[in-house]
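Encoded as structure tokens, the structure appears first; notes follow it.
The values are calculated or read from the model by the stated rules, or taken from the named source; none is laboratory data. Please read these numbers as outputs of a predicted model, since none were measured by experiment. All Cβ positions, glycine included, derive from the backbone under ideal geometry; neighbour counts span all protein chains shown. These accessible areas exclude ligands, DNA and RNA; they are computed on the full protein's heavy atoms, side chains included. Shrake-Rupley method; radii C 1.70, N 1.55, O 1.52, S 1.80 Å.
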Amino acid sequence: KEQLMTIQSEALEAIQGVGTLDELNTLRVKYLGKKGAITGVMKEMRSLSQDERPLIGELANKVREAVETAISDKTAELKEAVLKARLASETIDITLNKPQPLLGHEHPLIKTIETLEDLFIDMGFTVVDGPEVETVANNFDLLNAPADHPSRDLTDTFYIDEGTVLRTQTSPVQIRAMKEMGAPLRIVSSGRVFRSDEVDATHSPMFHQLEGLIIDETISMANLFETLNIFVKALFGDDIETRFRPHNFPFTEPSAEVDVTCTVCGGVGCPACHNTGWSMELLGCGMVHPNVLKNCGIDPEKYSGFAFGMGIDRIAMIKYGLDDIRLLFENDQRFLKQF
Ligand SMILES: Cc1ccc(OCc2nc(C(=O)N[C@H]3CCS(=O)(=O)C3)cs2)cc1
């Protein structure tokens, strides 16, 4: 009797103390197995008297049940603990903010080109494109540039060979369109142009230009002024004014350079416009020179037209308040991701 009670208290205490299912299994074998402690006592029952045997047998079963219950409870407890530990380690907090995918940004120059082209498309122009490597004829001769015109010099123009250049303006695209499509015509062309200028905060050997050209039977200087006025107000806002100063270009006569009131101070004068109140020479324009019409097979007696050109990089710099044109070409992510 004492043996059984000792076995029970040892077993129950040992079961309480185990940490893992393996240890618990070892205890189950130790107490309940074929060679276990309780089985051992049962075997010694033969030595007991007739009247003692049933008593001890009953007690032994009670001890076995107590140990089995304790083991199954502990098994459940340990399994529960294992499950809880596993759930804790595998918990995913869905409210954590995951790193956002890097989104692409449209380059400020592309945004400006798209804005400008959309404005002219809304005014009835068609966008045309052309090669960046051009013939001297399309880039100078057919544009009525005299043979000794300074713009032809190596200081201004990149030559591929004697008859081939990197275009210095997008005008050759308009020349090609005039030769291929004839009049009437309403086109804009934009793209990269190349000038072997000095490089500084406002000059780059490669920059971007947008040019427009209208040719029809009754085109006048008034149409030109109004078209550019509407364009400038659409781009910079209604209270921006334009000023046309006489100028001359080989490909237009008469010609004008266009100033617009400073987009920073609205015209009262500020550091951005050197206190003049004006953004100078934002674009140039003029009536297409009759020689240019003739060079492209269009009768200047029947047709007239106007043309204009602007530096897109310059407009982007004004629109986004940039002070160095090179920011547009360096591809510095810190700059680009702001747009
Ligand atoms: C057949 C054809 C006939 C005429 C043409 O005249 C295009 C024109 N461009 C300008 C002009 O001032 N352009 C400059 C503005 C700033 S810039 O980017 O440096 C170039 C005036 S008239 C074009 C094509």
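Could you please find all residues in segment 19-47 being under 15 Å from Glu77 (Cβ atoms) and buried (at least 18 other Cβ atoms within 10 Å of the Cβ)?
Leu24, Leu27, Arg28
Just one of Lys30, Lys35 is of a type in the set (Lys, Arg) and in a loop (DSSP other than H, G, I, E, B); which is it?
Numbers: Lys30 fails: in a loop (DSSP other than H, G, I, E, B).
Within the list Lys30, Lys35, the selection yields Lys35.
Spot the failing condition for Asp51; the list is (1) out of contact with any helix residue (DSSP H, G or I) (no Cβ under 8 Å at 6 or more places or on another chain); (2) within 18 Å of Gln8 (Cβ to Cβ), and only one is missed.
The single condition Asp51 does not satisfy is (2).
What's the number of the condition Ile160 fails, among (1) part of a helix (DSSP H, G or I); (2) among the β-branched types (Val, Ile, Thr); (3) open to solvent by 20 Å² or more (accessible area, probe 1.4 Å)?
That leaves (1) as the condition not met.
Select from segment 153-175 the residues that are of a type outside the set (A, V, I, L, M, F, W, C), touching a strand residue (DSSP E or B) at 6+ places or on another chain (Cβ under 9 Å) and within 27 Å of Ile113 (Cα to Cα) and list them in ascending order.
Taking segment 153-175 first, the residues of a type outside the set (A, V, I, L, M, F, W, C) are 153, 155-157, 159, 161-164, 167-172, 174.
This time we only want the ones that are touching a strand residue (DSSP E or B) at 6+ places or on another chain (Cβ under 9 Å), so: 157, 159, 163-164, 167-172, 174.
The answer is Thr157, Tyr159, Thr164, Arg167, Thr168, Gln169, Thr170, Ser171, Pro172, Gln174.
With the checklist (1) open to solvent by 40 Å² or more (accessible area, probe 1.4 Å); (2) in contact with a helix residue (DSSP H, G or I) (Cβ under 9 Å, 6 or more places away or on another chain) in hand, flag the one item Leu185 doesn't pass.
Status for Leu185: all satisfied but (1).
Working only within segment 297-328, note down all residues that are loosely packed, with under 14 Cβ neighbours inside 10 Å and within 16 Å of the ligand (Cβ to nearest atom).
Hits for segment 297-328 are Gly297, Asp299.
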